[in-house]
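Notes for the one structure printed next.
The values are calculated or read from the model by the stated rules, or taken from the named source; none is laboratory data. On a predicted model such as this, the values are computed, not experimentally measured, just so you know. Glycine also receives a Cβ, built like all others from the backbone with ideal geometry; neighbour counts cover every protein chain displayed. Keep in mind that these areas ignore ligands, DNA and RNA; they rest on the heavy atoms of the full protein, side chains included. Shrake-Rupley method; radii C 1.70, N 1.55, O 1.52, S 1.80 Å.
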Amino acid sequence: MAGMTRTPFIAGNWKMNLDHLQAVAFVQKLHWTLKDAKHEEGSVEVGIFPPFTDIRTVQTLLDADKIPFSLGAQDLSTHESGAYTGEVSGQFLAKLDCGYVIIGHSERRQYHAESDEVVAAKVQAALTNGLVPVICVGETLEEREESGPTAVSVAQLTAALDGVPADADVVVAYEPVWAIGTGQVASPEQAQEVCAALREVVAGTLGADAAARTRVLYGGSVKSGNIASFMREPDIDGALVGGASLVVDEFAAIIRYQKHVGV
Ligand code: PGA
């Protein structure tokens with residue numbers, strides 16, 4: 001199943017950083033930087049995942065300047081509408097041209113007590129609204145020591161894909177919790193092992209076609225200096241980038257990983 005042509009996806013998860021004014025400056029500068037560097041549009045899909053309050057502004061800018069970045073949100077409600085103070089519906093995100101939504105990031109699992117059931121409900125809410133869920137899974141250091149590198153991620157993804165139809169488009173992101181924002185990056189071999197196991201989960205739940213087309217990303221302290229080593233692995237199709245997605249030159253260098261290290 002590895003080796004299929006899947007468009008690499010470099011996704012910037014801004015988390016709670018950059019307000020809507022900073023977002024405009026950032027997106028314009030990133031676009032110019034990639035243009036100046038003659039980045040070949042389409043060879044790598046670039047995704048921007050800003051805070052909710054930036055999305056309308058970024059959508060308008062992408063549209064007006066014909067900037068070919070994909071847009072996504074960092075979370076959504078399990079509900080469609082109603083008395084859910086503070087929540088944001090997938091319907092609203094779809095109307096803002098969001099193509100993607102991150103679901104089950106470890107910070108949501110940890111700080112907002114998101115269970116596997118909530119994650120699965122959010123995956124359904126995304127698909128109902130035509131959004132591609134970017135399903136995040138990953139183990140803590142204790143879990144890795146207790147049950148090995150793959151068990152937690154496999155269980156989390158299996159739960160998240162419950163009830164998902166075989167023709168659904170999903171993206172999977174393997175983010176070991178111990179590697180997020182710590183500078184302690186997983187080795188490409190470690191990440192490949194888990195990403196291959198996650199592709200097997202997609203094969204077992206959604207079928208071989210889905211496994212062949214589904215992009216599996218690695219996330220956790222990805223930088224311009226290590227991205228190429230991950231992208232060489234057969235089951236790693238891109239990266240979910242946190243801290244390094246907030247620095248234009250660094251994020252641009254990650255997007256242009258083919259240029260600065262031969263692959
Ligand atoms: P990081 O975050 O790149 O800052 O480690 C990755 C993520 O949480 O998506």
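Brief remarks follow.
- Residue in the range 116-124 that is of a type in the set (A, V, I, L, M, F, W, C), in contact with a strand residue (DSSP E or B) (Cβ under 7 Å, 6 or more places away or on another chain), at pLDDT 95 or above and open to solvent by less than 30 Å² (accessible area, probe 1.4 Å) present: yes
- Checking each residue in the range 13-53 for being touching an Asp or Glu at 6+ places or on another chain (Cβ under 9 Å), small (Gly, Ala, Ser) and either open to solvent by 60 Å² or more (accessible area, probe 1.4 Å) or within 18 Å of Val132 (Cα to Cα) (or both) picks out no residue at all.
- Residue in the range 62-85 that is open to solvent by 40 Å² or more (accessible area, probe 1.4 Å), not in a loop (DSSP other than H, G, I, E, B) and not aliphatic (A, V, I, L, M) present: yes
- Selection within the range 208-247 - open to solvent by 10 Å² or more (accessible area, probe 1.4 Å), of a type in the set (A, V, I, L, M) and within 19 Å of Gly42 (Cα to Cα): Met231
- Residues of the range 248-263 that turn out to be open to solvent by less than 10 Å² (accessible area, probe 1.4 Å) and within 11 Å of the ligand (Cβ to nearest atom), as a count: 2
- Taking the listed residues Ala113, Ala121, Ala168, the one that is of a type outside the set (Asp, Glu) and not in a loop (DSSP other than H, G, I, E, B) is Ala121, with no other qualifying.
- Every condition in (1) at pLDDT below 95; (2) open to solvent by less than 10 Å² (accessible area, probe 1.4 Å) holds for Ile10 except the one numbered (1).
- Residue tally, condition touching an Asp or Glu at 6+ places or on another chain (Cβ under 8 Å) and among the β-branched types (Val, Ile, Thr), over the range 77-119: 4
- Identity of the residue in the range 141-183, polar (S, T, N, Q) and at pLDDT 95 or above, that ends up farthest from the chain's Cα centre (by Cα): Ser147
- Residue match in the range 171-192 (condition: away from the ligand (no atom under 14 Å from the Cβ), β-branched (Val, Ile, Thr) and open to solvent by less than 30 Å² (accessible area, probe 1.4 Å)): no
- Condition check for Cys195: more than 13 Å from the ligand (Cβ to nearest atom), of a type outside the set (Gly, Ala, Ser), crowded, with 16+ Cβ neighbours inside 10 Å and not in a loop (DSSP other than H, G, I, E, B): yes
- Qualifying residue in the range 212-226 (condition: in contact (Cβ under 8 Å) with a residue 24 or more places away in the chain, away from the ligand (no atom under 15 Å from the Cβ), outside any helix (DSSP H, G or I) and among the hydrophobic types (A, V, I, L, M, F, W, C)): no
- In the condition set (1) in contact (Cβ under 8 Å) with a residue 40 or more places away in the chain; (2) over 23 Å from Ala120 (Cα atoms), Ala244 is compliant with all but (1).
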